[in-house]
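Participant: I'd like to ask some things about the structure below.
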Amino acid sequence: VAHGLEKEFKVPEKRSWHLKMKAYAESNEWDMVDQMYSEKKNLPIPAESFAQLAIKYGRNERVKNYVGKIPDIEKRLSLLKYVDDWDSAIDVALTAKKQDLLQRLGQETDRSDIRNKIGQALIQLQSKK
């Protein structure tokens, strides 16, 4: 039905995706949001829209599920730090082999446990060289 309405009223795909995503979030149907996210390799809307929607609706734990398709590593890190998911931020920087980003993460936190993990990640990176 929705697809037919989209065609009939000539709703652009991007707009349609934003509307559906918002409707699913408002009705707490996060499985449907997840399905939209994984439906296409190249999403018709920016991948960060999914992460921002999760933040808007207080579903911070879902942000790490949505940052994978964001091409800009710094945007990924920013979103993960915003929701206080430092472990995932460290993993992103480590996977990208970005020593400078790991060091910056260490400077941006006062938490000793996070700084210790960053130190271990830096050692791990250096040992792979």
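Participant: Hey, any hits in region 62-71 for a residue that's open to solvent by 20 Å² or more (accessible area, probe 1.4 Å) and among the aromatic types (F, W, Y)? It would help to see each step written out before you state the result.
Facilitator: As a first pass, look at region 62-71 and keep what is open to solvent by 20 Å² or more (accessible area, probe 1.4 Å): 62, 64-65, 68-69, 71.
After this cut, where a residue has to be among the aromatic types (F, W, Y) as well, the list is none.
Scanning region 62-71 turns up no residue that is open to solvent by 20 Å² or more (accessible area, probe 1.4 Å) and among the aromatic types (F, W, Y).
Participant: Do any helices (runs of 4 or more DSSP H) lying entirely in region 34-125 carry at least 2 residues that are within 22 Å of E13 (Cβ to Cβ), and which ones are they? Working first, answer last.
Facilitator: On the way: elements: 48-56, 63-66, 73-82, 86-95, 99-107.
Answer list for region 34-125: 48-56.
Here is a yes/no grid of residues against (1) over 17 Å from the mean Cα position of the chain (by Cα); (2) over 24 Å from R104 (Cα atoms):
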position	(1), (2)
F9	yes, yes
R15	yes, yes
H18	no, yes
M21	no, yes
N42	no, yes
E48	no, no
Y57	no, yes
I70	no, no
E74	no, no
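Participant: Still on this structure: Restricting the search to region 12-32, which residues are in contact (Cβ under 8 Å) with a residue 24 or more places away in the chain and surrounded by 13 or more Cβ atoms within 10 Å (Cβ to Cβ)?
Facilitator: Listed by number, the residues that qualify are K14, W17, H18, M21, K22, A25, W30.
The values are calculated or read from the model by the stated rules, or taken from the named source; none is laboratory data. Values in this document were obtained by computation on a predicted structure and should not be read as measured data. Here Cβ is always computed from backbone atoms with ideal geometry, including for glycine, and neighbour counts include all displayed protein chains. The accessibility values were calculated without ligands, DNA or RNA, using every heavy atom of the protein model including side chains. Shrake-Rupley method; radii C 1.70, N 1.55, O 1.52, S 1.80 Å.
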